[in-house]
Amino acid sequence: MSRLERMRQQMLEDKIDAYVVIRPENGRYLSGFSGGEATLYITLEKAFLLTDFRYIEQAKAQAPEFEVIKTGQDHFAFLEEIGLNAQRVGFEGDFITYVDYGQLNDAFRQAELLSLPNLVSHLRSVKDKSEIELIRQAVRIADGAFAETLKTIEIGQTEEEIGLNLEFSMRRAGASGGSFDFIIASGVRSAMPHGTASSKRIQLGEFLTMDFGAIYQGYCSDITRTIFLGDPGDKHRKVYETVLAAQRAGIKAVEPGRTGKEVDAVARKLIDEAGYGDYFGHGLGHSVGLAIHEGPNLNIREERVLEPGMVVTVEPGIYIPDWGGVRIEDIVLVTENGCEVLTQAPKEFIILE
């Protein structure tokens with residue numbers, strides 16, 4: 001069954017006869033179109049891709065299941081013309097702007113508009129074989145970049161320089177770019193879970209956390225490794241080994257039928273028992289695909305059940321203010337009987353003298 005057929009099946013279940021797509025990753029997933037400025041309008045019988053003149057030929061080549069319509073940049077003005085008497089129209093209520101909603105409402109004055117933000121994202125959560133292979137390649141690129149960059153790290157380098165080396169390595173290997181702003185945080189900054197690369201120079205006696213990923217043909221990877229510069233103390237070793245044990249336990253807990261909440265609890269329990277529960281304040285992981293953060297998540301609130309084909313991160317951390325922090329992250333594929341760890345970069349405690 002094609003993605004468009006699955007989409008229409010879901011529309012029938014949700015009792016809608018049309019759906020408007022503007023989120024780029026949703027549009028790419030359903031149509032194959034990777035350009036900008038596109039709106040999809042899907043009914044139970046027809047599928048339209050609205051874009052401006054810059055992308056017409058690209059859209060025709062990439063989206064053969066869709067009728068490509070040339071518009072200006074105001075796609076909503078054209079929806080009224082092709083509305084096909086829709087009575088119940090779904091849209092991405094978590095993404096559309098207030099202005100766009102007003103235009104959408106104008107285009108479908110006689111229809112009932114329904115916010116169904118999870119319709120496409122739920123379809124995207126289970127990856128097909130082609131998607132999994134693209135994610136595997138994005139992971140391989142990130143793994144290789146870590147190995148190359150590790151050889152170049154020197155005391156006195158800035159965090160920004162390390163981030164640039166990671167990105168250059170990934171681009172040389174075929175990535176179109178980084179999948180997010182890299183988190184490169186050393187010393188006390190490593191206690192910042194989202195400490196993006198700064199001009200700080202790395203020094204002996206510090207943790208260095210590197211959280212990065214590659215985009216390959218639209219699909220993302222996400223990896224975190226924490227290393228130590230110099231001679232680690234007992235506390236450094238304890239914190240690292242605690243995070244590593246929690247991460248391995250979390251991976252072991254990933255299997256079909258378990259909720260994200262249940263998997264999170266397994267890793268969180270180990271960190272709590274080690275006395276660091278107050279220093280692990282985020283969820284254990286998230287799904288990855290065309291976007292770096294997708295659903296379902298692995299956190300204390302996630303009730304959705306894992307299914308084969310889902311791809312999630314497992315990334316516990318301990319962050320102690322004014323001291324430092326550790327995070328270790330792998331990408332994991334949910335399989336029929338458990339999971340497969342896609343990330344192959346070493347995660348034993350790496351110490352650079």
Helix-derived [θ] at 222 nm for the chain: sum -39500 (n - 2.57) over DSSP H runs of at least 4, divide by residue count, nearest 500?
-10000 deg cm²/dmol
Among beta bridges that DSSP assigns inside the chain, antiparallel share in %, nearest 5:
80 percent
From the Cα trace of the range 3-124, what convex hull volume per residue do you get, rounded to a whole Å³?
88 Å³
What's the local net charge at residue 244, with K and R +1, D and E -1, over the other residues with C-beta under 14 Å away?
+2
Net length gained if the chain between residue 44 and residue 304 were fully extended (0.36 nm per residue, minus Cα distance):
90.8 nm
Give the shape of the range 126-352 as rounded, prolate or oblate, defined through the alpha-carbon gyration tensor: a ≥ b ≥ c are the square roots of its eigenvalues, a/c under 1.5 means rounded, and otherwise the shape is prolate if a/b is larger than b/c and oblate if not.
oblate
With a 20 Å threshold on alpha-carbon distance, the violating pairs from 238/269; 235/347; 46/70; 127/269 are 127/269
Under 14 Å, Cβ to Cβ, from residue 60 - net charge with Lys/Arg +1 and Asp/Glu -1
-2
May I ask you to order 44-51, 150-157 by the average number of other C-beta atoms within 10 Å around their residues, highest value first?
44-51, 150-157
Tilt, helix 234-253 to longest principal axis of the chain (alpha-carbon atoms), in degrees rounded to tens, equals 40 degrees
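No value in this document is a laboratory result; all are computed from the given coordinates. What you see is a predicted model; the values in this text were computed from it and never measured. Reconstructed Cβ throughout: ideal geometry from the backbone, glycine too, with neighbour counts over all protein chains shown.
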